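The values are calculated or read from the model by the stated rules, or taken from the named source; none is laboratory data. Being a predicted model, the structure only gives us computed values, none of them experimental. Note: ideal-geometry Cβ built from the backbone for every residue, glycine included; neighbour counts use all protein chains shown.
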Amino acid sequence: MHEDEEEADEESEPLGHGGAKKKWILFIFLPILLLFGAAAGAYFSGFADPLLHRMKSEKTPAEEISKEGQVVVFYDLPEILLNLDSEGHKERFMKIQISLELKSSLDAPAIESIMPRIIDSFLVYLRGLRVEDLNGSSDLVRLREELLTRVNDTAKPVRVNDVLIKDILVQ
């Protein structure tokens with residue numbers, strides 16, 4: 001009888017041990033893995049930004065010290081997406097991100113208050129451009145100069161030092 005008990009113990013032990021591993025994997029490891037996967041997905045898709053207080057603020061000016069030792073303020077405009085003058089050809093689109101260089105952070109509220117006018121003056125000019133007007137670096141310099149002239153005309157008495165093109169895409 002003693003042998004029968006040992007055989008029964010040997011047969012039941014591997015089944016119980018293997019079943020415990022499967023239960024452990026199913027009820028503990030798999031949910032933890034799913035939680036990490038969901039957290040990584042939320043992080044990389046941007047859903048977790050409000051929770052992590054990492055929201056990108058486009059309305060706050062960024063300050064930087066220039067080469068001359070003066071404080072320079074950069075104000076990011078909202079991204080502009082528009083169609084270019086195609087003259088009957090296939091429609092072409094342009095996406096542009098612009099940053100304005102201001103003299104001080106005190107000028108930012110004035111720029112913010114007239115933002116619709118600034119965007120309108122930019123759109124009037126940009127919609128008249130053709131793809132050929134944006135080919136080389138000299139064309140981009142002309143574009144920056146024209147945008148600077150328009151923003152300074154619109155924002156008087158506030159003076160914008162420079163217009164910086166952060167990103168431009170013509171498709």
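Taking the stretch 119-134, which residues are touching an Asp or Glu at 6+ places or on another chain (Cβ under 9 Å), of a type outside the set (D, E, K, R) and either more than 11 Å from Asp85 (Cα to Cα) or not in a helix (DSSP H, G or I) (or both)?
Result: Ser121, Gly128, Leu129.
Which of the residues spanning the stretch 91-114 are in contact with an Asp or Glu (Cβ under 6 Å, 6 or more places away or on another chain) and of a type in the set (D, E, K, R)?
Correct list: Glu101 only.
So, restricting to strands (runs of 3 or more DSSP E) that lie completely within the stretch 38-118, which ones have at least 1 residues that are modelled with pLDDT of 85 or more and surrounded by 11 or more Cβ atoms within 10 Å (Cβ to Cβ)?
71-76, 80-83, 93-102
Failed condition for Leu106, given (1) within 16 Å of Val72 (Cα to Cα); (2) among the aliphatic types (A, V, I, L, M); (3) in contact (Cβ under 8 Å) with a residue 60 or more places away in the chain, with all others met?
The number of the failed condition is (3).
Select from the stretch 150-171 the residues that are free of Cβ contacts under 8 Å to residues at least 40 places away in the same chain and exposed (fewer than 14 other Cβ atoms within 10 Å of the Cβ) and write down the one among them that is nearest to Leu81 (Cα to Cα).
Residue satisfying both the conditions and the ranking: Asp153.
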